[in-house]
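The values are calculated or read from the model by the stated rules, or taken from the named source; none is laboratory data. Please read these numbers as outputs of a predicted model, since none were measured by experiment. Here the Cβ is made from the backbone with ideal geometry for all residues, glycine too, and neighbour counts use every protein chain on show.
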Amino acid sequence: MASVSTLRRFTAFSIIGIATALSVPASAAQPDAPAPQATAPQPINATNFVRLTQSLEASPQQPGAQELRVSMLRWLAETPDYMVTLCQVMNLPDQDEAAKKIGLDLLMQQSFGNLVFQIDQRESSDQLSRQVAGVESALRAYAAFISADPALRIAAMDTLAAQQKVGTLRAHLAPVVKAECGASDNTVMLNPETAGQGAAAPSPFLGGFLRATSVVYPLQVGQWKALGERRYDDVAGGASVRFQQPGNEDGWIDVYFYPVGVLDQEQRAGLLEGERKGLLEARSAAMAGRDDMSRVQTVTLKVAPAQPDAANSIEASVLDFGFVRDGKEYSSVMLLAIDRLYAIKLRYSVPTATVNRKAARGEVETFAAALLPQLDISNSGGCGSVPVTARDRLRLGCTGTDPVLPVVGEGQREMRFEYAPPR
């Protein structure tokens, strides 16, 4: 199975996703490709994007097709109006010769079809419908490819075409979309500047898009002082810092930092649900009941702006619950925020006799409101290929392809994460 997973479109110059290194585009492999159709008008907009997508479906090897794809990919990446998430649904094999020739073109067509569906809908649509539309667009282009050259057949695409023919494509894709969409690990960049050069070089999320991160944090937040850091064996697990009030050993706040990338609303919800389920699994036996955990609520918190004119607030999710340990009742709170490619999670547990749940939650929200504006998170790596304006919108906190030495003032400490490319 190819590692073709989560080709994620953000409002940026590059598209993030897992793309196989498909070395020869069909347009290069087929010099005698059929003629006709249009080249990209300038500038590309939502209206002609639909027409151009249909043109590539009907004639994917038309003269100038690869340049057209690159232009469309760039527009797709730069437009702030749409979000495309492509998941591992076409199952393109790494070693298949035909997939090496046309697989990258099919991936791009999948992204174009996904976006066209959103343009036509003119309103929010579910993820499954978007994925189905993207695959159907790729299937139309695939049909044109194999009509011109039967040697370009790919078994995985034939399977999808068969499902479409009998009307079961949506049902076939439903469990795949549910399982695969939202994955943020093992992602790579598909760059419009290199998409037409015959190769999509693997560039994973950790070690590619994100190669180094600096987190500068305060050693004191209100009356809470940092006691120490903990690094986790799995680099994707990040690190945590423990804060405690001097002379008060009843409770402490652990602040976790771990990389998550750029997430859309569905992916954020999935991350939050994963954290919530983790708490339930760890503490449910000690709770009065599973319903003892509060509903997730949203709070707006100030943060340090990524750029002078960028937004300076984010939404964080918070919940609270109670549990019993060694015969003692505890109030517990979790707050989860996402800022500059990182999840920032706060966990606080304290004896209920000292602080009740409502008060504990208030303490965590107050702590977060004081901490977040003081955090300086800077990232470097492949994210540096994203235009500055897009970085502002996305709060990537990306300083460029190379790390920049942060300013660490008095009363601050730096945590540095370095991510090596996978071998």
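Would you be able to say whether some residue in region 19-41 is aliphatic (A, V, I, L, M), modelled with pLDDT of 85 or more, closer than 20 Å to R153 by Cα and out of contact with any Gly (no Cβ under 6 Å at 6 or more places or on another chain)?
no
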Condition check for V84: surrounded by 21 or more Cβ atoms within 10 Å (Cβ to Cβ), in the same structural domain as V135 (by TED's automatic domain parsing) and touching a strand residue (DSSP E or B) at 6+ places or on another chain (Cβ under 7 Å): yes
Residue that is surrounded by the fewest Cβ atoms within 10 Å (Cβ to Cβ), among those in region 143-194 that are within 23 Å of L56 (Cβ to Cβ) and modelled with pLDDT under 75: E193
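Yes/no matrix, rows are residues, columns are (1) at pLDDT below 90; (2) within 28 Å of E414 (Cβ to Cβ):
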| site | (1), (2) |
| --- | --- |
| F243 | no, yes |
| V262 | yes, yes |
| A269 | yes, no |
| K277 | yes, no |
| R283 | yes, no |
| V296 | no, no |
R122 surrounded by fewer than 17 Cβ atoms within 10 Å (Cβ to Cβ), outside the structural domain of Q265 (by TED's automatic domain parsing) and modelled with pLDDT under 90: yes
